1. Are any residues in segment 217-257 of a type in the set (A, V, I, L, M, F, W, C) and either at pLDDT below 95 or within 15 Å of residue 182 (Cβ to Cβ) (or both), and if so, which ones?
2. Show the residue pairs that are 6+ apart or on different chains and have beta-carbon atoms under 6 Å apart, the first residue being within segment 237-257 and closer than 21 Å to residue 118 by Cα, the second being open to solvent by 50 Å² or more (accessible area, probe 1.4 Å) and basic (Lys, Arg).
3. If you check residue 104 against the conditions, is it of a type in the set (Asp, Glu), surrounded by 15 or more Cβ atoms within 10 Å (Cβ to Cβ) and within 13 Å of the ligand (Cβ to nearest atom)?
4. Please pick out the residue among 57, 44 that is in a helix (DSSP H, G or I) and modelled with pLDDT under 95.
5. Considering each residue of segment 160-184, count those that are crowded, with 22+ Cβ neighbours inside 10 Å and over 11 Å from the mean Cα position of the chain (by Cα), and give that number.
6. Open to solvent by 20 Å² or more (accessible area, probe 1.4 Å), β-branched (Val, Ile, Thr) and in a loop (DSSP other than H, G, I, E, B) - does that describe any residue in segment 86-97?
7. Out of 120, 210, 196, 215, I need the residue that is open to solvent by 20 Å² or more (accessible area, probe 1.4 Å) and in contact with a Lys or Arg (Cβ under 7 Å, 6 or more places away or on another chain). Which one?
8. Out of curiosity, is residue 83 within 16 Å of the ligand (Cβ to nearest atom) and within 23 Å of residue 207 (Cα to Cα)?
Amino acid sequence: MQFPSALETVLAMLERIRDENIHRPCASRGTLETLNRNAPHKNDINNSESFRESKIDMLASVQARVAVCTKCPHLASSRTQTVFGVGNPDAEIMFIGEAPGVDEDAQGEPFVGRAGQLLTKIIKAMGFARKDVYIANILKCRPDMPAGSFGNRAPTPLEMQTCRPYLVEQIDIIQPKVLVALGATAVEGLLGSRGTMRELRGRWHSYNGTPLMITYHPAYLLRNQAPSEKRKLWEDMLQILERLEKPISEKQRNYFL
Ligand code: SF4
């Protein structure tokens, strides 16, 4: 059995255990030995093309489960399609938003509406292309809206809790050097705790040992165009570039001053 298939089997088993509320999953020594035998040694595959291909396979396997997911029946019946995530499976930076909106639901890709276009600009200003980073949401389905109404609504805590395991799998596969949570709702979905952006943004947090920067959702900057607010988000991005030891030009340092 290939590593991605073995992992898929284990994940499916763990999901079943979780769904059935069995709190102490266990595996026999033989099972663990079989998995270890089939898992490629990390040192052998690090930075190699086969490692990247493994990640692509593993992400595709999660995406296939998401595409048919009906854990939130109201969202499964109202969505046009699921919105899994996009970008480099080996990304150093992973951006996390809250949920697809109407544009994302229509196109099947996260952050493609006005807020998404602003995020793409920010990524470019940092010196990356959109395809260099990975972009995903806590929720993979658009939060439903009453018939005939416009706009988007924030996901509920229960919806985020239900969908969160898929994001956790994405993070585990991609293993980014830095996570960026966009807005307080994404933080709540990722960390399970709620706070104000005033308390949270602009400093490093941690998600399972991965550095986590919390910053404004780009939609906030579309509503509040004050240069001082744009500068705050940009300072958060500068901290990320510093953490990744990327060169920072004078022009980049001075944005929105
Ligand atoms: S939001 Fe997530 S958990 Fe809920 S139906 Fe969609 S994919 Fe499944």
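The values are calculated or read from the model by the stated rules, or taken from the named source; none is laboratory data. Just so we're clear, the structure is a prediction, and the values are computed from it rather than from any experiment. Don't worry about glycine lacking a Cβ; one is built from the backbone with ideal geometry, like all the others, and counts go over all protein chains shown. Note: areas computed on protein heavy atoms with side chains; ligands, DNA, RNA excluded. Shrake-Rupley method; radii C 1.70, N 1.55, O 1.52, S 1.80 Å.
1. Answer for segment 217-257, where residues must be of a type in the set (A, V, I, L, M, F, W, C) and either at pLDDT below 95 or within 15 Å of residue 182 (Cβ to Cβ) (or both): 219, 221, 222, 226, 233, 234, 237, 240, 256, 257.
2. Final answer for the pair search is 256/230.
3. yes
4. Of the residues listed, the single one that is in a helix (DSSP H, G or I) and modelled with pLDDT under 95 is 44.
5. Summing the residues that are crowded, with 22+ Cβ neighbours inside 10 Å and over 11 Å from the mean Cα position of the chain (by Cα) in segment 160-184 gives 4.
6. Scanning segment 86-97 turns up no residue that is open to solvent by 20 Å² or more (accessible area, probe 1.4 Å), β-branched (Val, Ile, Thr) and in a loop (DSSP other than H, G, I, E, B).
7. Selected residue: 120, the only one of 120, 210, 196, 215 that is open to solvent by 20 Å² or more (accessible area, probe 1.4 Å) and in contact with a Lys or Arg (Cβ under 7 Å, 6 or more places away or on another chain).
8. So residue 83 fits the description; yes.
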